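As structure tokens, the structure follows; a few thoughts come after it.
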């Protein structure tokens, strides 16, 4: 019998995503990049958001399709399937492909939110991923989000399970900014 790798993207949603999901505008459309089986799609669909996920694994998108639109596409060697589209939120966890970073950030609509969490330099000392290609360098996520308003950013070590991460919650401020200042609540209601 052939060993089958466990389907990625199952289980509970990331605590970082849950913590900052209150920043999404009401009825925002959500794009989950490298969605796996759709744990974050399920979280946002359960809160009334229309969700789209993309992953290169047909098995993953088949599972994620239970929560919204799930597209099978290899965004590392193929075209970006969302060219010209913008979403009220873009969610990325445990995924890094630098060549797509600009596309991911550009997919955040004015007033929309980017919630991103992935492995950082130092992770090679505690486990996988360990290749520099898949580990953010210090400040790299901040630099990628230079055109967004950063609400929260962390770069450090988490003990359980042991991993080094960078994570960000950032908003694309509508241009021009009209009315009162942006109120990005630091705690959900």
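The values are calculated or read from the model by the stated rules, or taken from the named source; none is laboratory data. Fair warning: this is a prediction, and the values are worked out from it, not measured in the lab. Virtual Cβ from ideal backbone geometry, glycine too; neighbours counted across all protein chains shown.
Tell me which of these residue 43 doesn't satisfy, since it passes every other one: (1) touching a helix residue (DSSP H, G or I) at 6+ places or on another chain (Cβ under 9 Å); (2) assigned to a loop (DSSP other than H, G, I, E, B).
So residue 43 meets the others, but not (2).
Which numbered condition trips up residue 110, out of (1) in contact (Cβ under 8 Å) with a residue 60 or more places away in the chain; (2) closer than 16 Å to residue 28 by Cα; (3) in a loop (DSSP other than H, G, I, E, B)?
Of the numbered conditions (1) in contact (Cβ under 8 Å) with a residue 60 or more places away in the chain; (2) closer than 16 Å to residue 28 by Cα; (3) in a loop (DSSP other than H, G, I, E, B), the odd one out for residue 110 is (3).
If only one of 124, 117 is surrounded by fewer than 18 Cβ atoms within 10 Å (Cβ to Cβ), in contact with a helix residue (DSSP H, G or I) (Cβ under 8 Å, 6 or more places away or on another chain), more than 18 Å from residue 27 (Cβ to Cβ) and modelled with pLDDT of 95 or more, which one is it?
Matching residue, one of 124, 117: 124.
Is it the case, given these coordinates, that residue 36 is buried (at least 22 other Cβ atoms within 10 Å of the Cβ), modelled with pLDDT of 95 or more, on the phi > 0 side of the Ramachandran plot and not in a helix (DSSP H, G or I)?
Spelling it out, residue 36 is indeed buried (at least 22 other Cβ atoms within 10 Å of the Cβ), modelled with pLDDT of 95 or more, on the phi > 0 side of the Ramachandran plot and not in a helix (DSSP H, G or I).
How many of the residues in the stretch 46-78 are out of contact with any helix residue (DSSP H, G or I) (no Cβ under 6 Å at 6 or more places or on another chain), within 17 Å of residue 95 (Cα to Cα) and part of a loop (DSSP other than H, G, I, E, B)?
Final tally of qualifying residues: 7.
Quick one: in the stretch 45-77, of everything that is out of contact with any strand residue (DSSP E or B) (no Cβ under 6 Å at 6 or more places or on another chain) and in contact (Cβ under 8 Å) with a residue 40 or more places away in the chain, which residue is surrounded by the most Cβ atoms within 10 Å (Cβ to Cβ)?
55
Could you check, for the stretch 92-108, whether at least one of its residues is surrounded by fewer than 15 Cβ atoms within 10 Å (Cβ to Cβ) and farther than 22 Å from residue 52 by Cβ?
Yes, some residue in the stretch 92-108 is surrounded by fewer than 15 Cβ atoms within 10 Å (Cβ to Cβ) and farther than 22 Å from residue 52 by Cβ.
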